[in-house]
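Since the structure comes first, as C-alpha cells, the remarks are kept for the end.
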Amino acid sequence: MLELHQFRHSPYCLKVRMALAAKKLEYRTVEITPAIGQIDIFQKTGQKKLPVLFDNEITINDSSSIIRHLEKIQLEPKLIPVKPKEAFQAHIIENWVDTTLAKSIKIVFLEEMMKDPILLYSLLNKEISTSKQKRFFQIPLNVSSKIYGLKNQGEKESLKFNLKYLTNFIEKEKFLVGSKLSIADIAVASQLSLLNFPKSAGENLTGKGCSSYCNDPSLKNLFEWRNEIEDTLTTIN
C-alpha cells in the first residue's frame, strides 16, 4: 500500500492527499513530528522536506513529483490534461501557486500566528489553556506582528490582488484549466488551506486561519469553490 509521510496541515501534503482522493487510491499516512521526525525521514530518503511517498521500493518526494508518479500508476482520472496546451497551462499555474502564491500566503499566515498564538497551538494540538497562551505570548507577538506586517506590506497587497483575480475567474469557470479537475485546481485549493482551514484540518481548525481573508466577503466564493472541490473528493473517495 502507498504510504504518505506528512505534516497534516502542510498545503503540499494536502495537495497530495487531494490527488490520492481524486485517483481513488488506497494509502496510509504517517504523521511526522517537526524536527525530530524529519531526522528519520532524512536517514531513510536523504530528504528533509515533506511530503514523501513510499510506493513499495520507490520513494518520491515533492508534491509535484508525487502527483506525476500517481498519474503513471493510476491513469484515470487524469490530473494533468491530455491536450498539450492545457497541460502547459496547468503546469504553469501549479508552479506559480507552489512558489509565488505559496510564499505570499506563508507570510500572512506567519503574521497571523504572531497575533493569535491560539492558532499555533491548534496546529500543534497542544492542550494549553487560552489564558496561559495569552499571558505568555501576547505582548512580544503583538509587537513582532506589527513589524512583520509593515515589512511585508507589498507582498500582502499582491496576495489580495491575486486572490481577487482567482475569485473573479472561478465565478465564471468551474475549473482553472479545461473542463475537468486538474493539478492547477488542486494546487490552488491546497494552498488556500492556510488562509481558511478546510474540513480536513479537523474540528479545532475548520474555518479558522487568517482573519482578514476568512472574513473578506469578496473572497467568499473562492473559499466555497475550494470547499466544493474537497467535498467532491471526499465523496468519491
Check: Given the residues 176, 233, 195, 219, which is the only one that is modelled with pLDDT of 95 or more, under 30 Å from residue 83 (Cα atoms), crowded, with 17+ Cβ neighbours inside 10 Å and of a type in the set (A, V, I, L, M)?
Finding: 176
Check: What is the number of the single condition among (1) more than 18 Å from the chain's Cα centre (by Cα); (2) modelled with pLDDT of 90 or more that residue 228 does not meet?
Finding: (1)
Checklist line | the range 22-40 residues that are within 30 Å of residue 77 (Cα to Cα), paired with ones that are modelled with pLDDT under 90 and outside any loop (DSSP other than H, G, I, E, B) (beta carbon under 9 Å, 6 or more apart) | finding: 22/236; 24/236; 30/37; 31/37; 32/38; 32/40; 32/41
Next item on the list: Output the residues belonging to the range 81-105 that are among the basic types (Lys, Arg), in a helix (DSSP H, G or I) and more than 12 Å from the chain's Cα centre (by Cα).
Entry: 85
Notebook entry, point to check: Where residues in the range 1-18 are among the hydrophobic types (A, V, I, L, M, F, W, C) and part of a strand (DSSP E or B), which of them is nearest to the chain's Cα centre (by Cα)?
Noted result: 4
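The values are calculated or read from the model by the stated rules, or taken from the named source; none is laboratory data. Predicted, not measured: the structure shown is a model, and the values here were computed from it. Reconstructed Cβ throughout: ideal geometry from the backbone, glycine too, with neighbour counts over all protein chains shown.
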